[in-house]
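The values are calculated or read from the model by the stated rules, or taken from the named source; none is laboratory data. Model, not experiment: these values are computed from the prediction. Cβ placement follows ideal geometry from the backbone for every residue including glycine, while neighbour counts extend to all protein chains displayed.
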Amino acid sequence: MRRRRLRDLSIVQNTPNSKKANSEQQTVVGSSNVPETLDEPAEFQTESGGTRRGQGHTLLKDLYDLNPVECVKVSRNSHGQPVGSEARLLVGYLGIIERFVLEVSDDYIKKALGSRSFASVAEAEEVSSGQKVGRLKLFEIMHRKKDGSPMTSEAGEIMEKLKEKKAEYEVIASTDSSVNLENIDNKIITEVLGPERYGRQYMPSESRVQVEVQRLRDQIAQMQANTVEQIVEVQRKYEELQQQLRAEAAEREAEAAVMAAEQSKKYDELQLQLQQMMQMF
């Protein structure tokens, strides 16, 4: 029975016009690069002749048999989360993609990989040698094997160029006191490998770290200054409100005093009239 598992799902035509007209998310659940199986409960025959339910494999033929222009539309809520009966199919299919392993050739690996970072490697070397590790030394450590040979021939050529360039600057520094060999690593790496671009960093730059630390310090100082300004502004508004309340209270007291004086005056006048009338009789 074709589309037995898709009969309750929303299937739409996957055309450019429909994508523009529909504001909801449309996800094509299907790919020829992954196994067409989904783990679902299946029935198995037991030794006693009965059946039992267990975890089996169900082919997604109903999904893959759809026409190329058709797709299963997955609705989403205001938070972008898939909802409805189509959501289960999407989640199951994404599980297949997650389990699909893409083999990558070792030729793509250009440097030594491991759990240690540049900072941990530099710290370990400084502890063992007792000397500060610069960017050139760290580059050499990270691109050599355990036996001391370069990781690749290209890495060996680059290290030779770095050594030659450093030797040139050492000769210049012997006659020119303005050349500081301690801060020359960045310049040598830039001349040999070219300037660092976005997403490509040869070795961590100490100056860059210092700039980042200073930026964070400035940001913290700015946040503290903004906090102080906010506190001062709240205090000012509080004092203004207190003054306004005191002024309103004083005004109400004055009005009450005037009203009491008027009532007292009227009372005195009535008393006087009453006395005059009693004298007449």
Given (1) more than 26 Å from PRO150 (Cβ to Cβ); (2) modelled with pLDDT of 80 or more; (3) assigned by TED's automatic domain parsing to the domain that holds PHE139, identify the lone condition not met by ASP268. (3)
Identify all residues within region 161-206 that are modelled with pLDDT under 80, under 17 Å from LYS137 (Cβ atoms) and of a type in the set (Gly, Ala, Ser); write none if there are none. SER205
State all residues of region 144-168 that are hydroxyl-bearing (Ser, Thr, Tyr) and in contact (Cβ under 8 Å) with a residue 40 or more places away in the chain; if no residue qualifies, say none. THR152
